[in-house]
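Below you'll find the structure, written out as structure tokens, and then a few comments.
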Amino acid sequence: MNHLSKNSDSLLTLRDLTVSYHRVPAIHHVSLNLAAGHCVGIFGPNGAGKSTLLKAIAGLLHPETGKILISGNDVSGAAPLIAYLPQRESIDWDFPITVAGLVETGRYHQVGLCGSFSRRDTVAVEDALALFNLTSLAHRQINELSGGQQQRAFLARAWAQEADLYLLDEPFTGLDRTSCSALSSALGTLRDCGKLLLVSHHNIAEAEAIFDTAILLNGELIAYGSTAEVLSPRHLECAYGTAIYSGKQTGKKP
Amino acid sequence: MSLLSQLTEPLSYTFMVRALLSCALIGFTNGFLGTFVILRRQALMADALSHSLLPGLAVAAIFLGLSPAGLLLGGLIAAMLVALGGQLMARNSRLKDETAIAALYIIAFAIGIVLIRFAKVKVDLTHFLFGNILGVGNGDLWIAYGATFLTISTLVLFQRPLLLTLFDATVARTSGIRVGWLESGLLVLIVLGLVASLQAVGVLLSLGLLILPAATAYLMTNSFSRMLWGGAILGSLSAVGGLFLSFYANIPSGPCIVLLMAIFLGGAYFFSPRYGLLLRFVIKHHYHDESLERWKGHQDHEHHHLPDAD
């Protein structure tokens, strides 16, 4: 299958990545190649390093060993290509900003410190709002949105930024069923537009409907590949069955 | 005496004109800065900083006398030491940062009170604590001009990365913004704003200029830039208005300015059309029609996309 792509056409490459907190590794020796146009779920028990992996790729944590490459280049300097969506609790929803204002911040990199918004920037913002069905809500303060709409507002921001790699930390947490299906169809749209999405997720039951590819983590990489294959009982037992998995790594290798 | 001549009477004194100009400038600067302090949730941190100016002022008075530039430098250094010391202490011990900073600032304040006794020149402690707006000299005025220019131009220039940093530092960091540098720069400007307002309202009330107008603006608007400029204009107007009031009512200027600002804050707290306490009860503010429509939309949506759903 093409999501286990070769190095040459992969958008995101992890090589022997180890990330530690105070010298205790949260994830170690993870190597992966992921191509554009996939929606990838990251699974694993609590403390498996799902958030750590996302934060390291976003540049918030520094790898102890190994490399993160975006289109073959070093990750530092690829900032505008990466959009990190924080967990919802970390955001001050009373901040004086509207949905349109939030999406506009996605263009800051293009317009610079003092540059004014060009026609192209305005169109990008309008497109992003339209793509995520937010046009009619553009002038709402962000706290006047539902949880699902808030997630979509951040996706629209990433779209306006023209990011290629989307990193989402537990975006489905706390959403009702309707919002969940709206969010998963939004993720599907992004995948079909050729974006690569990495999403940490804990609900294995509905995984196949949302993700075409899955990564199973428990400190180290247990398996990755198509969702159905990775979330097989054998792999899940490896990840969830024991506190620390130290056996041989299974699943496909790059 | 006609009303007009009563209004213009204060303007016939040079010291009063200087004081009004100084109030307009520092009210504007602090009102502008206040937005950043409030959205960073650092109002009490700013209070700690304002208290920790005192030992710096005392040391400056001992070695340099009462020159405004010396006082500015002394206050700036003392406040930076407390802010950085607090962070260092929190990082290297079990104490959390707000405990560390609270401990350091109150110690600094006590040291300041002791040190002031050793100043060669005759220093009135109440002058430092409560300000002396009618004693604004040319040097003070230059500092007010400089602080205003530096603060407003820097903050306007870096408005975009600052907005993102205030909103969510994590998102800002992943967008390639140097969050640490911006936050340190902001801290320096806050201290500068506090020092500039010392002459008008003193150490103890300087926080009022920084917090009250911006808090008022925060209750009135959902736009970041309107909050910035609204806070600045409100700060400027109420500082000038407060000084006029103190002239007519013969009350000290510091409390007069702060209380006028408090009246505006109270007004916004109760009567703000969006977030006011009273109007929330009077006008039922919700989106019933829209939410009904959205609900219908969701129903359709589910039928179209999830035909197999239970």
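Before moving on, here are some points about what is shown:
- Annotation: B:Arg94 fulfils all but one of (1) surrounded by 13 or more Cβ atoms within 10 Å (Cβ to Cβ); (2) modelled with pLDDT of 85 or more; the unmet one is (1).
- Listed by position, the helices (runs of 4 or more DSSP H) enclosed by the stretch A:163-232 that each have at least 1 residues that are touching a Cys at 6+ places or on another chain (Cβ under 7 Å) and under 18 Å from A:Gln87 (Cα atoms) are A:177-192.
- Residue within the stretch B:195-212 that is more than 30 Å from A:Gly112 (Cβ to Cβ), within 14 Å of chain A (Cβ to nearest Cβ), free of Cβ contacts under 8 Å to residues at least 60 places away in the same chain and assigned to a helix (DSSP H, G or I) present: no
- Taking the stretch A:52-78 as the range and being of a type in the set (Val, Ile, Thr), at pLDDT 90 or above and not in a strand (DSSP E or B) as the test, the residues that pass are A:Thr52, A:Ile57.
- Residue check, A:Ser71 more than 10 Å from chain B (Cβ to nearest Cβ), in contact (Cβ under 8 Å) with a residue 12 or more places away in the chain and of a type in the set (Ser, Thr, Tyr): yes
- Answer residue from the stretch A:100-110, given it is over 21 Å from the mean Cα position of the chain (by Cα) and more than 8 Å from chain B (Cβ to nearest Cβ) and is nearest to B:Asp168 (Cα to Cα) among those: A:Ala100
- The set of residues in the stretch B:164-189 that are part of a helix (DSSP H, G or I) and within 7 Å of another protein chain (Cβ to nearest Cβ) comprises B:Leu164, B:Phe167, B:Thr170, B:Val171, B:Arg173, B:Thr174.
- Hey, A:Asp121 over 21 Å from the mean Cα position of the chain (by Cα) and either at pLDDT 95 or above or crowded, with 17+ Cβ neighbours inside 10 Å (or both) or not: yes
- Taking (1) at pLDDT 90 or above; (2) within 19 Å of A:Asn46 (Cα to Cα); (3) among the polar types (S, T, N, Q) in turn, A:Ser184 satisfies each apart from (2).
Yes/no per residue for (1) modelled with pLDDT of 90 or more; (2) within 14 Å of another protein chain (Cβ to nearest Cβ):
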| site | (1), (2) |
| --- | --- |
| B:Ala214 | yes, yes |
| B:Leu237 | yes, no |
| B:Ile263 | yes, no |
| B:Gly266 | yes, no |
| B:Leu278 | no, no |
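- Number of residues in the stretch B:46-71 that are more than 11 Å from the chain's Cα centre (by Cα) and either buried (at least 20 other Cβ atoms within 10 Å of the Cβ) or closer than 27 Å to B:Asp97 by Cβ (or both) equals 15.
- Here the condition is being touching a residue at least 60 places away in the same chain (Cβ under 8 Å) and within 14 Å of another protein chain (Cβ to nearest Cβ); of B:Leu155, B:Leu192, it holds for B:Leu155 alone.
- Flag not set for B:Gly86, criterion: under 18 Å from B:Gly146 (Cβ atoms), under 24 Å from the mean Cα position of the chain (by Cα) and free of Cβ contacts under 8 Å to residues at least 40 places away in the same chain.
- You will find that of B:Leu157, B:Leu163, B:Leu150, the residue that is surrounded by 21 or more Cβ atoms within 10 Å (Cβ to Cβ) and among the aliphatic types (A, V, I, L, M) is B:Leu163 and no other.
- Where a residue in the stretch B:7-34 is at pLDDT below 95 and its partner, wherever it lies, is among the hydrophobic types (A, V, I, L, M, F, W, C) and not in a helix (DSSP H, G or I), with Cβ under 6 Å and at least six apart: B:Arg18/B:Val136; B:Ala19/B:Val136; B:Ser22/B:Val136
- Residues in the stretch B:222-261 that are part of a helix (DSSP H, G or I) and hydroxyl-bearing (Ser, Thr, Tyr): B:Ser225, B:Ser236, B:Ser238, B:Ser246, B:Tyr248, B:Ser253.
- Residues being within 11 Å of another protein chain (Cβ to nearest Cβ) and part of a helix (DSSP H, G or I) - total across the stretch A:122-158: 10
The values are calculated or read from the model by the stated rules, or taken from the named source; none is laboratory data. Keep in mind the model is a prediction, meaning the values are calculated, not measured. No Cβ is skipped: glycine too gets one built from the backbone with ideal geometry, and neighbour counts run over all protein chains shown.
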